[in-house]
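Colleague: Would you mind keeping the following structure in view while I ask a few things?
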Amino acid sequence: TYNPSMPGGQPPPAPADPEQLARAALDAAKLPDPELVSAPPQGGTTPVNLPVWFWADTPAPNVAPARADANNVATATATPTGTVAIDPGDGSATVSCPGGGVPWARGRADTTPGACLHTYLKPGSYTVTTTMTWSVRYEATIIGLHLTGVLPDETTRSTRTISITELETRLRPN
């Protein structure tokens, strides 16, 4: 209770909104965009009708603190949900890649669980969009009261161009 005869004669600081404080922490943290990798690699020759193997490393959780004053503190923790969505850019359906997909390796079958593949049927230049979803939780101490909560999911996106070519076969008589 505020009492003007208290030392300093000032009312105590107002409690901060824990969600707003957690949101400020998250905004300051800047979640990383997904980094898409493919096989054949970017810049290489990718022929029509050859499955392109996509994957993206799933980053570690991102922890961000924020402080309104000595009595109002929050920490937001953003954790990748584990699935990366890839829009191949050719009008076909988005490819869902659990765990970010499985990295390509020589001899690994296209049927490998977790493989994230797309086959382009026409030559051209396509913009591939990769989307990562993050779940966000927060912990806050607001004037001595410990609170926890959940913020709406966040998404980060990245784009890159992939060039698909048509290979030409020429037969030579012996």
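Colleague: Being under 20 Å from the mean Cα position of the chain (by Cα) and closer than 18 Å to Val150 by Cα is true for just one of Pro88, Pro80. Which residue is that?
Modeller: Only one candidate qualifies: Pro80.
Colleague: Turning to a different aspect of this structure: Looking at (1) open to solvent by less than 20 Å² (accessible area, probe 1.4 Å); (2) under 14 Å from Leu117 (Cβ atoms); (3) assigned to a strand (DSSP E or B), can you tell me which one Ala74 breaks?
Modeller: (2)
Colleague: Also, I was wondering about something else. Tyr126 fails exactly one of the following numbered conditions: (1) assigned to a strand (DSSP E or B); (2) exposed (fewer than 13 other Cβ atoms within 10 Å of the Cβ); (3) free of Cβ contacts under 8 Å to residues at least 40 places away in the same chain. What is the number of that condition?
Modeller: Here Tyr126 clears every test but (2).
Colleague: Considering only region 46-67, I want to know if a residue exists there that is at pLDDT below 85, exposed (fewer than 12 other Cβ atoms within 10 Å of the Cβ), farther than 17 Å from Ile162 by Cα and more than 22 Å from the chain's Cα centre (by Cα).
Modeller: No, because not a single residue in region 46-67 is at pLDDT below 85, exposed (fewer than 12 other Cβ atoms within 10 Å of the Cβ), farther than 17 Å from Ile162 by Cα and more than 22 Å from the chain's Cα centre (by Cα).
Colleague: Something else now. Does region 46-62 hold any residues that are closer than 17 Å to Asp33 by Cα and either in contact (Cβ under 8 Å) with a residue 24 or more places away in the chain or touching a Phe, Trp or Tyr at 6+ places or on another chain (Cβ under 9 Å) (or both), and which are they?
Modeller: Phe54, Trp55, Ala56, Asp57, Thr58, Pro59, Pro61, Asn62
Colleague: Is region 141-161 home to any residue that is more than 30 Å from Val95 (Cβ to Cβ) and assigned to a loop (DSSP other than H, G, I, E, B)?
Modeller: Yes, because at least one residue in region 141-161 is more than 30 Å from Val95 (Cβ to Cβ) and assigned to a loop (DSSP other than H, G, I, E, B).
Colleague: Now for a separate question. If I filter region 87-117 down to residues being modelled with pLDDT under 95 and outside any loop (DSSP other than H, G, I, E, B), which single residue comes out as surrounded by the fewest Cβ atoms within 10 Å (Cβ to Cβ)?
Modeller: Selected residue: Ser96.
Colleague: If you don't mind, there's one more thing I want to ask. For Trp104, indicate whether it is under 23 Å from the mean Cα position of the chain (by Cα) and within 30 Å of Pro65 (Cα to Cα).
Modeller: The answer is no for Trp104.
Colleague: Check Val136, Val150 and return the single one that is under 19 Å from the mean Cα position of the chain (by Cα), hydrophobic (A, V, I, L, M, F, W, C) and modelled with pLDDT of 95 or more.
Modeller: Going through Val136, Val150 in turn, just one is under 19 Å from the mean Cα position of the chain (by Cα), hydrophobic (A, V, I, L, M, F, W, C) and modelled with pLDDT of 95 or more: Val150.
Colleague: Among the residues in region 81-95, are any farther than 30 Å from Val48 by Cβ and touching a residue at least 60 places away in the same chain (Cβ under 8 Å)?
Modeller: Yes, the conditions are met somewhere in region 81-95.
Colleague: Can you tell me which residues in region 146-160 are touching a residue at least 60 places away in the same chain (Cβ under 8 Å) and either closer than 25 Å to Gln20 by Cα or open to solvent by 50 Å² or more (accessible area, probe 1.4 Å) (or both)?
Modeller: The answer is Leu147, Gly149, Leu151, Asp153, Glu154, Thr156, Arg157.
The values are calculated or read from the model by the stated rules, or taken from the named source; none is laboratory data. Computed from a prediction, not measured in an experiment: that's the story for all the values here. Positions of Cβ are generated from backbone atoms using ideal geometry, with glycine treated the same way; all protein chains shown enter the neighbour counts. Ligands, DNA and RNA are stripped out before the accessible areas are found, and what is left, the full protein with its side chains, is counted by its heavy atoms. Shrake-Rupley method; radii C 1.70, N 1.55, O 1.52, S 1.80 Å.
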